[in-house]
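These notes concern the structure reproduced below.
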Amino acid sequence: MSDPESPSTPPDLRLVAKSECDRGEHSLASDALRALRQLERRIRTGHLDPVNIREVQQLATLGLAQHGRGGWRPTAAGLVYLERCESDNALGPNGLA
């Protein structure tokens, strides 16, 4: 891993403080993840909290949400991503339940 203080480290590099929170290069920003959770909640409850359209459009670009006749909804890939996040959060810091 590169040294964060090194002059060769790109200025926009963001290090993850806890390795268990690192989901790799395909991780979502917290706002986009919140928007995806809100879209999933809409499927379960029928209620949609306000979502940031830019975040939802980012999800659509990634294939995690789509717009249809009923409005914005998570795709199957979006639901799988949320399930993976939930199962990862259920594990302890050492990967143990």
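None of the figures in this text is laboratory data; all of them are computed from the coordinates on show. Since this is a predicted model, take the numbers as computed values, not measurements. For neighbour counting, all protein chains shown are included, and Cβ atoms are generated from backbone atoms with ideal geometry for every residue, glycine included.
Database remark: amide H of residue 66 closer than 5 angstrom to the amide H of 73, 75 (H placed geometrically; neighbours at sequence offset of 5 or more, or on other chains; Pro and chain starts carry no H).
Each residue in 27, 87 was given a count of other beta-carbon atoms within 10 angstrom of its own, and listing them fewest first yields 87, 27. In order along region 30-46, the Karplus-derived 3J(HN,Hα) couplings, from 6.51 cos²θ - 1.76 cosθ + 1.60 at θ = phi - 60°, round to 4, 5, 5, 5, 4, 5, 5, 5, 5, 5, 5, 4, 4, 5, 6, 10, x Hz, and Gly and Pro are given as x.
As a rough footprinting exposure proxy, the listed residues 61, 75 were ranked by other beta carbons within 10 Å of their own, and the order from fewest upward is 61, 75.
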